1. Given the conditions (1) at pLDDT 95 or above; (2) of a type in the set (A, V, I, L, M, F, W, C); (3) farther than 27 Å from E7 by Cα, and given that A107 satisfies all but one, which numbered condition is not satisfied?
2. Only one of these conditions is not met by G152: (1) of a type in the set (G, A, S); (2) part of a helix (DSSP H, G or I); (3) farther than 19 Å from A107 by Cα; (4) out of contact with any Asp or Glu (no Cβ under 8 Å at 6 or more places or on another chain). Which number is it?
3. Name the helices (runs of 4 or more DSSP H) wholly inside region 206-249 in which the number of residues that are touching a Pro at 6+ places or on another chain (Cβ under 6 Å) and closer than 26 Å to K195 by Cα is 1 or more.
4. In region 135-173, how many are basic (K, R), crowded, with 17+ Cβ neighbours inside 10 Å, without any contact (Cβ under 8 Å) to a residue 60 or more places away in the chain and under 15 Å from E99 (Cβ atoms)?
5. Which of (1) surrounded by 14 or more Cβ atoms within 10 Å (Cβ to Cβ); (2) in contact with an Asp or Glu (Cβ under 9 Å, 6 or more places away or on another chain); (3) touching a residue at least 24 places away in the same chain (Cβ under 8 Å) is the odd one out, the single condition V24 does not satisfy?
6. For D196, only one of the following conditions fails: (1) without any contact (Cβ under 8 Å) to a residue 24 or more places away in the chain; (2) crowded, with 18+ Cβ neighbours inside 10 Å. What is its number?
7. On the given criteria, is F92 in a loop (DSSP other than H, G, I, E, B), under 15 Å from the mean Cα position of the chain (by Cα) and of a type in the set (F, W, Y)?
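The values are calculated or read from the model by the stated rules, or taken from the named source; none is laboratory data. Remember, predicted model here, so these are calculated numbers, not experimental data. Every residue, glycine among them, receives a Cβ derived from its backbone with ideal geometry; neighbour counts consider all protein chains shown.
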Amino acid sequence: MSNPLLETRGLTIQFGGHVAVNEVNFQLKPHTFKSIIGPNGAGKTTFFNLLSGQLKPTAGSVFFKGKDITKLAVYERTRLGIGRSFQITNVFPNLTVLENVRIAVQAKGGVSFRLFSHYRKFHQFEETAVRLLEKVHLAAKATQLAKNLSHGDKRKLEIAILLALEPELLLLDEPTAGMSLEEVPSIIEVIRTLKDSGDHTILLIEHKIDMVLGLSDSLAVLFNGRLLADGTPQEIMNNELVQSAYLGGLYEDAVKS
């Protein structure tokens, strides 16, 4: 069996008297698609923040490709190949769709946004940006200002910007958050295309269970900051402890029984 691409050991973070993530031991195999589910307040986004470096743990460790990255900053983890999206879109509203992605491609290439004298490199960056826009089905809107995109298209643009950084691991935090029902299928199609390409390992937080079941190789369930269960979608759906948690059962009582 392959070694985990991402692993946590005893990962814990405490805010005052509240333990938001509690001794989580977690593994993610390379080139797989895992989703993290759990009720509101279960610690899912906090766990993502620990993985990507936005937060530092109170205890425990994070490993990426066998390397301890617990003390590394966000930008250092990005350089290693960890890409993170957020629940709130993060794009340059007054630049075009193409410019948003091209800037990210330039950053990956180590060329400053202001160094327009690098014309040949600039042209190559633009070609790469166009290919990324095609991958997320936004090529037809390349000349539009980002602020004029629908919410769903802004999420696609954010994914394209993320892909420009060539991440090996994609951390997608509720990519359908705030979308209308009509927009959801298009973002699911983009994520499915990323999965089918086999180029990335994907870790997803999502509340839409149908979407999760249709995309995921495995599911991890967080409840009250603890890892409640980890297995195939079928195993998780048949897990009585998981059913109890989602139906309002008390985790502590379930563990003792």
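1. (1)
2. G152 satisfies all of (1) of a type in the set (G, A, S); (2) part of a helix (DSSP H, G or I); (3) farther than 19 Å from A107 by Cα; (4) out of contact with any Asp or Glu (no Cβ under 8 Å at 6 or more places or on another chain) except (4).
3. Values: elements: 209-215, 233-237, 240-246.
Filter on region 206-249 gives 209-215.
4. Residues in region 135-173 being basic (K, R), crowded, with 17+ Cβ neighbours inside 10 Å, without any contact (Cβ under 8 Å) to a residue 60 or more places away in the chain and under 15 Å from E99 (Cβ atoms): 1 in total.
5. Of the numbered conditions (1) surrounded by 14 or more Cβ atoms within 10 Å (Cβ to Cβ); (2) in contact with an Asp or Glu (Cβ under 9 Å, 6 or more places away or on another chain); (3) touching a residue at least 24 places away in the same chain (Cβ under 8 Å), the odd one out for V24 is (2).
6. Exception for D196: condition (2).
7. no
Conditions (1) in contact (Cβ under 8 Å) with a residue 40 or more places away in the chain; (2) out of contact with any helix residue (DSSP H, G or I) (no Cβ under 7 Å at 6 or more places or on another chain); (3) part of a helix (DSSP H, G or I); (4) not aliphatic (A, V, I, L, M), marked per residue:
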site	(1), (2), (3), (4)
N49	no, yes, yes, yes
Q54	no, no, no, yes
S61	yes, yes, no, yes
T70	no, yes, no, yes
T78	yes, yes, yes, yes
